[in-house]
1. Using the Cα centre of segment 327-397 as the reference point, and only Cβ charges (+1 on K/R, -1 on D/E), how large is the resulting charge dipole? Debye, rounded to the nearest 20.
2. Would you please give the residues with an amide H less than 5 Å from that of Thr173, counting only those at least 5 places away or on a separate chain, with H modeled from the backbone geometry?
3. Rounded, prolate or oblate, given the Cα gyration tensor of segment 299-370, with a/c below 1.5 counting as rounded?
4. Near Ser6, within a Cβ-to-Cβ distance under 12 Å, what is the net charge of the other residues, with Lys and Arg +1 and Asp and Glu -1?
5. Among His251, Ser203, Ala295, which residue has its Cα furthest toward the positive end of the charge dipole of the chain, with +1 on Lys/Arg Cβ and -1 on Asp/Glu Cβ?
6. Cross-link candidates for Lys33: which lysines have Cα within less than 28 Å, leaving aside residues fewer than 8 places away along the same chain?
7. Largest first and in whole Å, give the semi-axes of segment 207-305's equivalent ellipsoid, each being the square root of 5 times a Cα gyration tensor eigenvalue.
8. Which order do Asp135, Asp306 fall in if you start with the one that has the fewest other Cβ atoms within 10 Å?
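Just so it is clear, none of the values below were taken in a lab; they were calculated from the coordinates. Computed from a prediction, not measured in an experiment: that's the story for all the values here. A quick note on method: Cβ atoms are made from the backbone with ideal geometry, for glycine too, and the neighbour counts reach across all protein chains shown.
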Amino acid sequence: MASKISLVIAAGGIGSRFQKGLSRGKQRESKTKLFHLLDGQPVLFHSIRAFDDVPQVEEIVLAVPAEAKSEIRRLTRGWSKHPLKVVSGGGTRAESVFNAIKQSKPENSLVMIHDAARPLIAPQSIKQLIRAFKDTDGLLLVSPVAATVKQTLSHSVRVEKTLDRDRLFTAETPQLANRRVLLDAYKQKNALSATDEAGLLESAGARVKIMTHDSWNPKITTLKDLALAEAYLQLLKPQPVIKTGLGQDLHRLAAGRKLYLGGLHIPYNKGALGHSDGDVVLHAVTDAVLGVMGAGDIGDWFSDKDKRFKNIRSEKLLKKVMAAAAKEKWRIVHVDVVITLQKPKLGNYKIKIKQNLAHLLEVPAEDVSIKAKTAEGLGPEGREEALSCQALITMKKESI
Ligand code: MG
């Protein structure tokens, strides 16, 4: 049976600026690197969630600065699938980790330590590390050194030698250790100044092995690291597809018909003649959505020979098309509408049409634009024989 693991996440270095950064709530102003957002979630959130599907992890002990403990405890509630305990760290990383280990369950024979500032850790690498833990007291994740590394004479710019990079690796976390051996290693003098647990084991003469892995697992220490990590995550994501559709409609005006624009009834002595309610705005918008989908036009979908659509309210037609678009994961980014109508003047109705159309399309009103024009007395609209509408819709979908 696989040994159970107590996972310690070292989240020191949040410090006194933590509270200030959080209370302001704005990423730009926050100095707290672990609560900076990465792909929309705090860095710390990623570092915790990476272990969600690692069944050997039995508990997580998060070591944080004492002054931030209660706040972090509140913020991290529900972040992990594993039991999560937030404890006070110490003056150094080693002290923080040591304090956390002391508060973990002694029956878990393995201790895993991870830097909270390594949010990109791949669950695959964690699992590999656990599988590879054999015949050793400690095992750590490393990356080969790609650069040529020069070693200088002490306190000098004079190069002593070029190191053999085939034998050089940068230490990362997680690091996995036998609990008993690691606790023994803490008994050494200067133990609390160790910069990582593997180093502590080495200095105690314990067996330590490395494991390379393929994923990128940087430590986020500067804004540059955060920006690179963000760019990396965005690059891995499928890029959205954005398309624009154009719709146009024109209806004759006739006495004794109701005038509907954008689903709104406009009091007037004439209305649009049509098989349906003749709402030019909704027809143009519907056609624009079909344009984005490349799915024909409103006549293909709702034939004017079909009795079911006789005098139908155009909202129903739009809803059907919107449902089809939603099924294809299209969502509206922006809608721009131009209505051409000599009379009545639409100045007082533009806001209401905008709000109603936004409501029908289930988008915020600021994503909808309504413009109204007269035709200067020219053409069918100008002679009040007709009204027309043009609509331009921009839609977006995440590619799969
Ligand atoms: Mg029409």
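1. Using Cβ point charges on Lys, Arg, Asp and Glu, segment 327-397 gives about 240 debye.
2. Hits under the 5 Å cutoff: Asp115.
3. It is oblate, given that a/c is not under 1.5 and a/b is not larger than b/c.
4. Result for the local shell: +2.
5. Of His251, Ser203, Ala295, it is His251.
6. Counting by Cα, and skipping residues close in sequence, Lys33 has these lysines nearby: Lys20, Lys69, Lys81, Lys85, Lys102, Lys127, Lys219, Lys224, Lys237.
7. Equivalent-ellipsoid dimensions as semi-axes: 58, 16, 9 Å.
8. In order of increasing Cβ crowding within 10 Å: Asp135, Asp306.
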